[in-house]
1. Just to be sure, is residue 118 surrounded by fewer than 17 Cβ atoms within 10 Å (Cβ to Cβ), away from the ligand (no atom under 16 Å from the Cβ), at pLDDT 95 or above and within 23 Å of residue 64 (Cα to Cα)?
2. Evaluate segment 333-343: report whether one residue or more is under 21 Å from residue 280 (Cα atoms) and crowded, with 22+ Cβ neighbours inside 10 Å.
3. Say whether the condition of being under 23 Å from residue 404 (Cα atoms) and assigned to a strand (DSSP E or B) is met by at least one residue in segment 152-161.
4. Please note which helices (runs of 4 or more DSSP H) are completely contained in segment 189-290 and include at least 1 residues that are away from the ligand (no atom under 16 Å from the Cβ) and in contact (Cβ under 8 Å) with a residue 40 or more places away in the chain.
5. Test residue 52 against the criterion of being part of a loop (DSSP other than H, G, I, E, B) and surrounded by fewer than 19 Cβ atoms within 10 Å (Cβ to Cβ), and give yes or no.
6. Residues being at positive phi and not in a loop (DSSP other than H, G, I, E, B): count how many of those fall in segment 314-338.
7. Could you check segment 84-115 and list, in sequence order, the residues that are surrounded by 19 or more Cβ atoms within 10 Å (Cβ to Cβ) and more than 12 Å from the ligand (Cβ to nearest atom)?
8. Is it the case, given these coordinates, that residue 184 is within 18 Å of the chain's Cα centre (by Cα) and crowded, with 20+ Cβ neighbours inside 10 Å?
Ligand code: STR
């Protein structure tokens, strides 16, 4: 069912200017404006894929390229001509993009492992990545289990009257924040404020003055925290980042703060979606849910298929071309050229539904895919998500525990009524009302 604006787009009205356009959507003449309200994410995904492996988009008034094919995404994510340094972006250098752009907080961030490449990137990333390998994470398992069961007690209490419970508020939202906070040493007393701040940070409808105040407050919180831990280190990862290794170059205060912010934001705003989308997908596909609950399909498969079909990170901002880069099309002919100084987004929501890679049923949630689900929803190459194993572990504990406690769990509203938050870059649901006892 296509509703109005998308239907107009398909008939050729330019979604940017609104004027009828002879140019195909996604071409230079008529970029596809990404919907900041995220009202029909996967109808947009279809348009993006139709526009080609390389498509022109507009992000709240700012032009960029997007990559929509799995093969091209993999290739470009290891191409050293695309870098993370925002100073390579012509629109930024020339002041066209600045503090008034609603997405500025996604790209103009403190120096950290998220913003640099090459040898400096290894310097900034290695210690963090090594602290959250699957092996090291086994130490966190009891902590995650404890948090999960405590939250499930709360969920049970909320639903004790048989009425609907919002699984986001009471489960999927607090869980990742509690876990990443434990890892990084963030004071739990800060959680309520951090939830308010990140909600405003990510939402495209936050007035820009408020967003800038939110960014400043987050900066104060995390800088204050790093200073306290510098004076009085403990055994969390933030303290480990502050302390120099033997013979190694210590990270600067800005770099520690940058890594800490990246870890908390990424640990928080992504795993929420993974958990919620898995529950929603299983609820919408009861036959698959029953197979999982009967032990015929593993929770790991559910997690990987959810990551492919509903990537938490829908559009990853941004990389910049330091040279012209020609991108081949699906027919082998050039699809277009990313010019030096232009910005590139990875549209994982489109990449995860690439039929050339995942087969003709790429649009379908199917935990029984014949081939292993080799998605790249955690990225690929040197910047591949360092928290992937943590996210997978959280989901692998949370989902079975949830269904063990409430095997008859189902959605409390028709699935069409479940809305995305107005968060352009993330696949974040506004709420997931469920009935615990069917
Ligand atoms: C939020 C703001 C900030 O201070 C630092 C970062 C860097 C890491 C970013 C994070 C951002 C936003 C969410 C991201 C995360 C890395 C992974 C996460 C993009 C910009 C994803 O959604 C994949």
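1. On the way: surrounded by fewer than 17 Cβ atoms within 10 Å (Cβ to Cβ): yes; away from the ligand (no atom under 16 Å from the Cβ): yes; at pLDDT 95 or above: yes; within 23 Å of residue 64 (Cα to Cα): no.
When the stated conditions are applied, residue 118 does not pass them.
2. As a first pass, look at segment 333-343 and keep what is under 21 Å from residue 280 (Cα atoms): none.
Checked segment 333-343: no residue is under 21 Å from residue 280 (Cα atoms) and crowded, with 22+ Cβ neighbours inside 10 Å.
3. As a first pass, look at segment 152-161 and keep what is under 23 Å from residue 404 (Cα atoms): 152-161.
Narrowing the set further to residues that are assigned to a strand (DSSP E or B) leaves none.
Among the residues of segment 152-161, not one is under 23 Å from residue 404 (Cα atoms) and assigned to a strand (DSSP E or B), which makes the answer no.
4. On the way: elements: 191-202, 208-231, 237-242, 253-269, 271-284.
Because the criterion is at least 1 residues that are away from the ligand (no atom under 16 Å from the Cβ) and in contact (Cβ under 8 Å) with a residue 40 or more places away in the chain, the helices (runs of 4 or more DSSP H) in segment 189-290 that meet it are 208-231, 237-242, 271-284.
5. Values: part of a loop (DSSP other than H, G, I, E, B): yes; surrounded by fewer than 19 Cβ atoms within 10 Å (Cβ to Cβ): no.
Considered against the rule, which asks whether it is part of a loop (DSSP other than H, G, I, E, B) and surrounded by fewer than 19 Cβ atoms within 10 Å (Cβ to Cβ), residue 52 comes out as no.
6. Pass one, segment 314-338, residues at positive phi: 332, 336.
Remaining after also requiring not in a loop (DSSP other than H, G, I, E, B): 336.
So the answer is 1.
7. Across segment 84-115, the qualifying residues are 89, 92, 97, 101, 102.
8. Working: within 18 Å of the chain's Cα centre (by Cα): no; crowded, with 20+ Cβ neighbours inside 10 Å: yes.
No, not satisfied.
The values are calculated or read from the model by the stated rules, or taken from the named source; none is laboratory data. Predicted model, so just to flag it, every value in this text is computed and none were measured. Reconstructed Cβ throughout: ideal geometry from the backbone, glycine too, with neighbour counts over all protein chains shown.
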